[in-house]
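Every number in this text was worked out from the coordinates using simple rules, so none of it is lab data. Source: prediction; values computed, not measured. We place every Cβ from the backbone using ideal geometry, glycine too, and count neighbours over all the protein chains shown.
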Amino acid sequence: MAADDKPTPARKPKPVVTSLGNHPLSPETLMMGYGYDPMLSEGSLKAPIFLTSTFAFPSAADGKRFFEGITGKRPGGTDGLVYSRFNGPNQQILEGRLAVWDGAEEALCFSSGMTAICVLFLALCSAGDVIVHSGPLYAASEGFVARTLSRFGVSYVDFPAGADRAELDAVLARAKAQAASQGGKVAMIYLESPANPTNALVDVEAVRDARDAALGTDCPIAIDNTFLGPLWSRPLDHGADVVVYSLTKYVGGHSDLVAGSVAGAKKWMTPVRMLRNTMGGIADPHTAWMLLRSLETVELRMSRAGENAARVCAWLAAHPKVEGLGYLGMIADPHQQDIFDRHCIGAGSTFSLFIKGGEAESFRFLDALKIAKLAVSLGGTETLASHPASMTHLSVPDERKAALGITDNLVRISIGIESADDLIADFEQALAKV
Ligand SMILES: *Cc1c(COP(=O)(O)O)cnc(C)c1O
C-alpha cells in the first residue's frame, strides 16, 4: 500500500456457515468455502498461497499468548499464527476441511503419508510399549514398526486383517502380557483396511469391542483409511479413534503431490501436533493449496472411479483369461461380506486381477495396455496397473508372499475417471495379447 493511500478498514471475518437453519451442509458443499473468508485476502475467491516463514504479531502480549498455545502451556493449541513449521493459513484451512470429511474434532496435515504415520507412532509410544497391528500393512508402515521402533524398545504383535473376535481377544491378551513383561503398556492398535494387496477387511467394530473389554479406552485405535477414505469408509463412526491418510492417493487424486494426514479427537491429536511442531513435517503451503483444489472434487472423482471399477470388474470377471478378482464389490467369504456391509459405503476402485498364467502372462498384459499406465500408486484420475510380486512387494520373502496371496499372476489395478467403455476396450485388447 502506498504511503498516501487511505488505510484499509479493519475486516471482520464472516461467520462460518455449516448449516442453513436445521439443514446441515454436506462436506461436498463445505469444500468450496469452509474456513476461508475471501474478504480477509483482498476478495481473492481462492485462498492465496501464503509463502512466508514467519508471522507478525499484533502485539507482544499476543505473541506471548500464541507461544503459550504452541508450547502447551495453554491447553487447546495456539489461537494465532507464529512460524511456518507449526502452521500456516493454507494448512489450517486444509485441516479444517479434512476434519469435516471424517467427522473428526481435529486434523493435522503432513508432508507425506509416511511422515504422518511415523509421527503418530512416535507421539503415542514409549520404550517398553507394545503396538498391536493388523497385517499386512503398507510395507513402509510395517518396516517402521518392526525395524525402527524396535530400536527404541517398542515391540509389536500382529494379527491377520480378517481376524474374528476370538482371535482379537487372544492377540490382545498376548500383547498385554508382552507389555507387562517389558514394563510398558499396549500403546496403540493400528489397523489398515482393506489390506494391500489382499483386500482383506478389518472388523473395526469387533476391534473396538475387544479393546474396550481388554484395555479400556486409553489405548487408541488408529486406522489407515487411504484405500477407501474419505468417501467409502468412515472409521471414526465404527469405533476407531484416529484416522490416517496418504493424501497422495484418492484425496490428492491427480498424482501430482505427496502428503498425509492424521485426524481424531483433540486428546489424541495434541501430542501428535506437539511432536510435529518439534520435528516439522507439516505439508508445505503449496501442497496444502493443491489439496484444497483436490477436495472440491473428491466426491465427484471417487464416485466416478467407483462406478467405473464396478463396470470394469463385472466385465473382467466374465473373461476367459481371468482367473479371479480381489474386488470388494465381489466378496466370496461371508465373514468378509458381513464386515463390508457394516463398515463400507462403496467398494472402491483399487482391486487385484488374477490372470490365468504367471509372471510372463502378467507382464504381457501390462506391456500391452494403452490407456492404463504401468505405475505403482493409486487413487488418481488416471487408471494405473502394476505387478506387486516384482514391484511394491519385491523385497517380501517368498513364504510371506505366499501367505499373503501375492502370486506371480496378480496385477494390481487402480481405476480412474476415464470412460469405462474405453477402459474395457483397453483391457480387452491387452488380454487378447496374453
Ligand atoms: C501410499 C500409502 C502410504 C504412504 O503414503 P505416502 O504419501 O507415499 O508417504 C501409506 N499407507 C497406504 C495404505 C498407502 O497406500
Original post:
When the Cα centres of the stretch 332-398 and the stretch 204-254 are compared, how far apart do they sit, in Å?
Top reply: 22
Original post:
Given 0.36 nm per residue, what is the gain on full extension from Lys267 to Ala56 after removing their alpha carbon distance, in nm?
Top reply: 73.0 nm
Original post:
When Arg276, Arg211 are ordered from fewest to most other Cβ atoms inside 10 Å of their Cβ, what list results?
Top reply: Arg211, Arg276
**OP:** Of the listed pairs Lys185/Lys266; Lys176/Lys249; Lys321/Lys370; Lys401/Lys433; Lys185/Lys401, which have alpha-carbon separations greater than 23 Å here?
**Re:** Lys176/Lys249; Lys401/Lys433; Lys185/Lys401
Original post:
Which distance in nm do the two modelled labels at Ser390 and Asp422 give, with both placed 7 Å along the Cα-to-Cβ direction?
Top reply: 2.8
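Rounded to the nearest 5, what is the percent of antiparallel bridges among the DSSP beta bridges in the chain?
Details: 26 of 45 bridges.
Around 60 percent of the beta bridges assigned by DSSP in the chain are antiparallel ones.
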**OP:** Would you grab the residues whose amide H sits under 5 Å from the one on Gly326? Only those 5+ places off in sequence or on another chain, please, with H modelled 1.01 Å from N.
**Re:** Ser352, Leu353, Phe354
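At 0.36 nm per residue, minus the direct Cα-Cα distance, what do Ser126 and Thr71 gain on full extension? Give it in nm, one decimal, please.
Values: separation 55, 0.36 × 55 = 19.80 nm, distance 2.04 nm.
Here the segment from Ser126 to Thr71 would lengthen by 17.8 nm.
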**OP:** Determine the calculated [θ] at 222 nm for the chain from helices alone, applying -39500 (n - 2.57) to every DSSP H run no shorter than 4 residues and normalising by the residue count; nearest 500 deg cm²/dmol.
**Re:** -11500 deg cm²/dmol
Subject >> Sites Ala403 and Thr278 - FRET efficiency at Förster radius 41 Å, r taken between beta-carbons, to 0.05 >> reply: 0.60
Original post:
Taking amide hydrogens as modeled 1.01 Å from N in the peptide plane, which residues meet the under 5 Å criterion relative to Thr226, leaving out close sequence neighbours?
Top reply: Ser246
Original post:
What Kirkwood hydrodynamic radius, in Å, does the chain give when the mean of 1/r is taken over all pairs of distinct Cα atoms and then inverted?
Top reply: 23.1
Original post:
How much FRET efficiency would the formula 1/(1 + (r/R0)^6) give for His335 and Asp212, where r is the Cβ-Cβ distance and R0 is 25 Å, rounded to 0.05?
Top reply: 0.75
Original post:
Where is the GNM fluctuation largest for the chain (alpha-carbon springs, 10 angstrom cutoff): Asp422, Asp284, Asp333?
Top reply: Asp333
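When you count, for each residue, the other Cβ atoms within 10 Å and take the mean per peptide, how do 146-154, 39-47, 170-178 rank with the highest first? Write down the numbers at each step before the final one.
Numbers: 146-154: 14.0, 39-47: 12.3, 170-178: 17.8.
Averaged packing, sorted descending, gives the order 170-178, 146-154, 39-47.
Apply 1/(1 + (r/R0)^6) to the Cβ-Cβ distance of Ser41 and Glu296, taking R0 = 25 Å, and write down the FRET efficiency to the nearest 0.05.
On the way: r = 17 Å, r/R0 = 0.70.
The calculated FRET efficiency here is 0.90.
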Original post:
Which whole-Hz ³J(HN,Hα) couplings does the stretch 46-56 yield from phi under the Karplus relation 6.51 cos²θ - 1.76 cosθ + 1.60, θ = phi - 60°, glycine and proline marked x?
Top reply: 9, 4, x, 8, 8, 8, 8, 8, 8, 10, 6
Original post:
Could you name the aspartates and glutamates in cross-link range of Lys356, using Cα to Cα under 19 Å and dropping any fewer than eight places away on the same chain?
Top reply: Glu323, Asp367, Asp408, Asp426, Glu428
Original post:
What's the center-to-center distance, using Cα atoms, between the stretch 97-148 and the stretch 272-329 in Å?
Top reply: 18
Original post:
Of the residues Gly103, Gly229, Gly72, which exhibits the maximal mean-square fluctuation in a Gaussian network model of the chain defined by a 10 Å Cα contact cut-off?
Top reply: Gly72
Original post:
So how do 81-90, 23-32, 160-169 stack up, highest first, on mean other-Cβ count within 10 Å?
Top reply: 81-90, 160-169, 23-32
Subject >> Gain on full stretching of the segment that runs from Asp79 to Ala170 - 0.36 nm per residue minus C-alpha separation >> reply: 28.3 nm
Original post:
Taking H as built 1.01 Å from N, whose amide H comes closer than 5 Å to the amide H of Val186, not counting residues under 5 places away?
Top reply: Val130
Original post:
With θ set to phi - 60° and the Karplus curve 6.51 cos²θ - 1.76 cosθ + 1.60, what are the ³J(HN,Hα) couplings of the stretch 253-269 in order, to the nearest whole Hz, using x for Gly and Pro?
Top reply: x, 10, 6, 10, 7, 10, 6, x, 8, 9, 9, x, 5, 3, 3, 8, 6
